[in-house]
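Working notes, beginning with the structure itself.
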Amino acid sequence: MSFPKNFLWGGATAANQCEGAYDEGGRGLANVDVIPHGSERWKVASGERQMFDFEEGFYYPAKEAIDMYHHFKEDIALFGEMGFKTYRLSIAWSRIFPKGDEEEPNEEGLKFYEALFKECHKYGIEPLVTITHFDCPMHLIKEYGGWRNRKMIDFYKNLVTVLFTRYKGLVKYWLTFNEINMLIHAPFMGAGICFEEGEDRYQTLYTAAHHELVASAWATKIGHKIDPENKIGCMLAAGSYYPYSCRPEDVLAALKDNHKNYFFIDVQSRGAYPNYALKEFERNGFEIPYKENDQEILKENTVDFISFSYYSSRVSAYQYESEKTAGNIFESVKNPYLKASEWGWQIDPMGLRITMNDLYDRYQKPLFIVENGLGAKDEADESGYVEDDYRIEYLREHIKAMKDAIEIDGVELLGYTTWGPIDLVSASTGEMSKRYGFIYVDKDDEGKGSLRRSKKKSFEWYKKVIASNGKDLD
Ligand code: BG6
């Protein structure tokens, strides 16, 4: 036994972390462009510090990123050489609608993705498209306040209608919002929200969440109507919470943290707000801003599959006296049984199997792992080659765990796309030196470098994994 036939092996990227060309092809400015590298990055991403345009004295890594806009043929050829069955990428909203509220789309932007999808199909690669990966046109932020405004639903509907219509026959797999739960942790990045003074943050965040959830359900409806072949999924920054101990208070803390995380997916997959959320809203005096036929739209348009990113499990304790650890934006209690990456993200392959089981038990829908990988510092030789055994080891152990989840536990899994098959800009830090790729890109944290692409040791390894459909992991 190995992985199912037609298992979708591949890699995943996001427009703002690889495309660059922020002002080419008629593209408008977006939130992701103005999130700088350096100490202010987190303040801007979380909506604490307003930065609605480029400011003197900052470096903005998304402006050029790895310039995939001009290199996509070369990059997709390399993915093809590795035998990718799928390539997950995202659409830069402001390439299609530069301001976001126009009625007519920007043809040049549409042509760019059309060429990219065609290039994928040349190599038998099925595109998997994230409609928005932390992406929001700046005009929609300045003019409407981002996703706190209900009008965003209509702008998003317009966007998806254009995408589903134009790319019918070219794209079948879609994700509505990348890591939709990130909205709560990084509101500017996840929802174009920069807090105003005195604003009730709780109200704002859950209002925006409602708007994204309704927009996501509309996308599912529109996508299915335009092409019944479309498979539309949600996307969660996953990683189950373990209780720090078997003390009931710790177990309850883990249950609550898991609820917080499942909240979005509960709505997207089951079609209604879960009771634990309704109770919390009641306690906080929040009323869900239902309008028109929102409830019906949510109910009738649940997702076809559950996609998620997994970098690590997390730990909950009822009293946070224990040491904490970093990890994919979420801070968690440190798990003493695990090692960590150079950025402090704990490494837990078995946690992937646990997370898969948790999600499958809860939703009973096929899963899709659309991000997983190790961000590490690579030492390239003169030819650009990297002996990245640590990356191979990380991926091997995670692939074994997912194989166990399929073979032993019977979890349905559609595919696996590693994060950043080609080195790209880190979302949390803005660095280039936090590398995930099988392909090395010559560029440093200050933006210097030739952008030359070269294969790492893991390139041949992953090629073998795919060719053997996951049997050969040595
Ligand atoms: C996920 C995001 O949170 O993690 C990606 O969807 C991101 O955009 C990835 O790049 C890895 O995080 P980082 O901070 O190492 O780039």
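Just so you know, all these numbers are worked out from the coordinates, no wet-lab data involved. Quick caveat, the model's predicted, so the values are computed rather than measured. Using ideal geometry, Cβ is built from the backbone for each residue, glycine included, and neighbour counts are taken over all protein chains shown.
Excluding same-chain neighbours fewer than eight residues apart, the lysines reachable from LYS172 by a Cα-Cα span under 20 Å are LYS5, LYS85, LYS111, LYS118, LYS122, LYS157, LYS221, LYS225, LYS231, LYS365. Taken along the Cα-to-beta-carbon direction at a fixed 7 Å, the label points for GLU287 and LYS122 span 5.7 nm.
Run lengths n ≥ 4 of DSSP H only: what is the helix-derived mean residue ellipticity at 222 nm for the chain, with -39500 (n - 2.57) per run over all residues, to the nearest 500? Display every interim value, and only then the final one.
Numbers: 16 runs with 186 residues, N = 474.
That comes out to -12000 deg cm²/dmol.
With kT/(6 pi eta Rh) evaluated at 4 °C and eta = 1.567 mPa s, and Rh the Kirkwood radius from Cα pairs, the range 330-457 diffuses with a coefficient of 81 µm²/s according to Stokes-Einstein. Taking a straight line from the alpha carbon of LYS400, these aspartates and glutamates sit under 14 Å away, with near neighbours fewer than eight places off in the same chain left out: ASP348, ASP409, ASP472, ASP474. Mean separation of Cα pairs under 8 Å and 6 or more residues apart, divided by the residue count, gives the range 254-408 a relative contact order of 21 percent. So for the range 244-396: antiparallel DSSP bridges make up what percent, rounded to the nearest 5? Expressed as a percentage, antiparallel bridges in the range 244-396 total about 50.
Quick check on packing: order 271-277, 142-148, 116-122, 211-217 by the mean number of other C-beta atoms within 10 Å, highest mean leading. Could you put the intermediate results ahead of the total?
Numbers: 271-277: 15.4, 142-148: 20.4, 116-122: 17.9, 211-217: 25.7.
Packing proxy ranking, top to bottom: 211-217, 142-148, 116-122, 271-277.
Go through 160-171, 430-441, 374-385 and give me the packing order, highest mean Cβ count within 10 Å leading. Mind showing how you got there, number by number?
On the way: 160-171: 18.2, 430-441: 23.7, 374-385: 15.0.
Descending mean neighbour count gives 430-441, 160-171, 374-385.
Could you give the length gained on full extension between ASN275 and LYS151, defined as 0.36 nm per residue of separation minus the Cα-Cα distance, in nm? Can you show the working numbers first?
Working: separation 124, 0.36 × 124 = 44.64 nm, distance 2.71 nm.
Answer, rounded to one decimal: 41.9 nm.
Cα convex hull of the range 385-474: how many Å³ per residue? Don't skip to the end; give the middle numbers.
Numbers: hull volume 9.4 nm³, N = 90.
Residue-normalised Cα hull volume stands at 105 Å³.
Of all DSSP-defined beta bridges confined to the range 8-467, some 20% are antiparallel rather than parallel.
Taking 8 Å as the Cα distance limit and 6 or more residues as the minimum spacing, I'd like the relative contact order of the chain as a percentage. Reported as a whole number, the value is 17 percent.
In a DSSP loop and with at most 11 other Cβ atoms within 10 Å, the trypsin sites (Lys or Arg not before Pro) in the range 1-96 are LYS5. When every Cα-Cα distance of the chain is counted in 20 angstrom steps from zero, the calculated P(r) takes the values 25, 62, 13, 0 percent. For the range 43-74, GluC sites (Glu not before Pro) meeting the loop criterion (DSSP other than H, G, I, E, B) and having at most 14 other Cβ atoms within 10 Å: GLU48, GLU55, GLU56.
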